[in-house]
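Let me begin by presenting the structure, written as structure tokens, before commenting on it.
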Ligand code: UDP
């Protein structure tokens, strides 16, 4: 199956989205552009677009095989993938296994505390408001999703965590935390959408605890390109 690329529908911080000849399918094109702190910090991570595209597709295919419905349709090239057209549920769903980032800052704890159980939190996907944290009651009040949709999203998010933690452990990586987005297809089905990559996950080497993710860019640590390549190399089994 191949799709004809038509007009650009949208350009986000890290991806562009194009229409295709199939009204149910769009093409996502991954960029090397990197942003952090709600777009305040801007830069480039060379090669990131291709890595995030291929890594996301690898993980989405494996999640789908384990029963998590996703938007994935077909990888078209290094940077481009056909995905189901969805309306994105305006919630960022964050799962954490180990304290880091905004959790450590908000609650005044160090990074690296391993939780007995994963945590879940939502933020309202709204750049103008800076993606404020909210709970499921707020999401219902704002009509961002229904109760059934929220319940399903929570179930899928924890299932993704269990599976992803396993995939990462196999390649010597601790899954610290990550952000997911879900979408609704034309018939109302909730599916996992967006991406799963070092842009959206915190990934620490299990032995050295070296950061293999976007924190290298956020915190000006250097070596972001190499870190993304390292995760990709391990994931694709070229060790
Ligand atoms: N995250 C993301 N997009 C966002 C905010 C967070 O992909 O807009 C990811 C981030 O990479 C990390 C997890 O979600 O893996 C938790 O991020 P946190 O809330 O700690 O925020 P941050 O410290 O990144 O501002």
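The values are calculated or read from the model by the stated rules, or taken from the named source; none is laboratory data. Keep in mind that what you see is a predicted model, and the values were worked out from it rather than measured. When we count neighbours, we look across all protein chains shown, and the Cβ atoms used for this are built from the backbone with ideal geometry, even at glycine.
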Residue pairs meeting the criteria (Cβ under 7 Å; at least 6 apart or on separate chains; first farther than 17 Å from residue 232 by Cα and more than 12 Å from the ligand (Cβ to nearest atom), in region 206-217; second in a loop (DSSP other than H, G, I, E, B) and at pLDDT 95 or above):
207/172
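Would you mind stating whether residue 195 is in contact with a helix residue (DSSP H, G or I) (Cβ under 8 Å, 6 or more places away or on another chain), outside any helix (DSSP H, G or I) and exposed (fewer than 13 other Cβ atoms within 10 Å of the Cβ)?
On the way: in contact with a helix residue (DSSP H, G or I) (Cβ under 8 Å, 6 or more places away or on another chain): yes; outside any helix (DSSP H, G or I): yes; exposed (fewer than 13 other Cβ atoms within 10 Å of the Cβ): no.
When the stated conditions are applied, residue 195 does not pass them.
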Would you check if there is a residue in region 140-150 being within 13 Å of the ligand (Cβ to nearest atom), modelled with pLDDT of 95 or more and not in a loop (DSSP other than H, G, I, E, B)?
no
Could you tell me how many of the residues in region 1-41 are over 17 Å from the mean Cα position of the chain (by Cα), within 16 Å of the ligand (Cβ to nearest atom) and assigned to a strand (DSSP E or B)?
1
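Against the definition (closer than 17 Å to residue 196 by Cα, away from the ligand (no atom under 14 Å from the Cβ) and modelled with pLDDT of 95 or more), how does residue 153 come out, yes or no?
Numbers: closer than 17 Å to residue 196 by Cα: yes; away from the ligand (no atom under 14 Å from the Cβ): yes; modelled with pLDDT of 95 or more: yes.
So residue 153 fits the description; yes.
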Which residue pairs have Cβ atoms closer than 6 Å, lie 6 or more positions apart in sequence or on different chains, and pair a first residue in region 113-126 that is assigned to a loop (DSSP other than H, G, I, E, B) with a second residue that is within 12 Å of the ligand (Cβ to nearest atom) and modelled with pLDDT of 95 or more?
113/99; 125/92
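If we only count strands (runs of 3 or more DSSP E) wholly inside region 42-103, which ones have 3 or more residues that are at pLDDT 95 or above and crowded, with 20+ Cβ neighbours inside 10 Å? First the steps, then the outcome.
Values: elements: 72-75, 80-84, 91-98.
Output list reads 80-84, 91-98.
Please work out if residue 61 is touching a strand residue (DSSP E or B) at 6+ places or on another chain (Cβ under 9 Å), closer than 20 Å to residue 198 by Cβ and more than 16 Å from the ligand (Cβ to nearest atom).
Numbers: touching a strand residue (DSSP E or B) at 6+ places or on another chain (Cβ under 9 Å): yes; closer than 20 Å to residue 198 by Cβ: yes; more than 16 Å from the ligand (Cβ to nearest atom): yes.
Yes: the conditions hold for residue 61.
Only one of these is closer than 23 Å to residue 115 by Cα, more than 14 Å from the ligand (Cβ to nearest atom) and in contact with a helix residue (DSSP H, G or I) (Cβ under 9 Å, 6 or more places away or on another chain): 172, 166. Name it. Spell out the reasoning first.
Working: 166 fails: in contact with a helix residue (DSSP H, G or I) (Cβ under 9 Å, 6 or more places away or on another chain).
Result of the check over 172, 166: 172.
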Evaluate region 131-139: report whether one residue or more is more than 18 Å from residue 94 (Cβ to Cβ) and surrounded by fewer than 17 Cβ atoms within 10 Å (Cβ to Cβ).
no
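Scan region 115-123 and give yes if some residue there is out of contact with any strand residue (DSSP E or B) (no Cβ under 7 Å at 6 or more places or on another chain) and modelled with pLDDT under 95, otherwise no. Before you say what the answer is, go through the steps one by one.
The first filter runs over region 115-123 and keeps only residues out of contact with any strand residue (DSSP E or B) (no Cβ under 7 Å at 6 or more places or on another chain), leaving 116-117.
Pick out the ones that are also modelled with pLDDT under 95 and you get none.
The answer is no; no qualifying residue exists.
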Residue count, region 101-120, condition within 8 Å of the ligand (Cβ to nearest atom) and in contact with a helix residue (DSSP H, G or I) (Cβ under 8 Å, 6 or more places away or on another chain), comes to 1
Residue check, residue 109 under 16 Å from the mean Cα position of the chain (by Cα) and in a loop (DSSP other than H, G, I, E, B):
no
Yes/no for residue 92 being touching a residue at least 24 places away in the same chain (Cβ under 8 Å) and either under 18 Å from residue 3 (Cβ atoms) or in contact with a helix residue (DSSP H, G or I) (Cβ under 9 Å, 6 or more places away or on another chain) (or both)
no
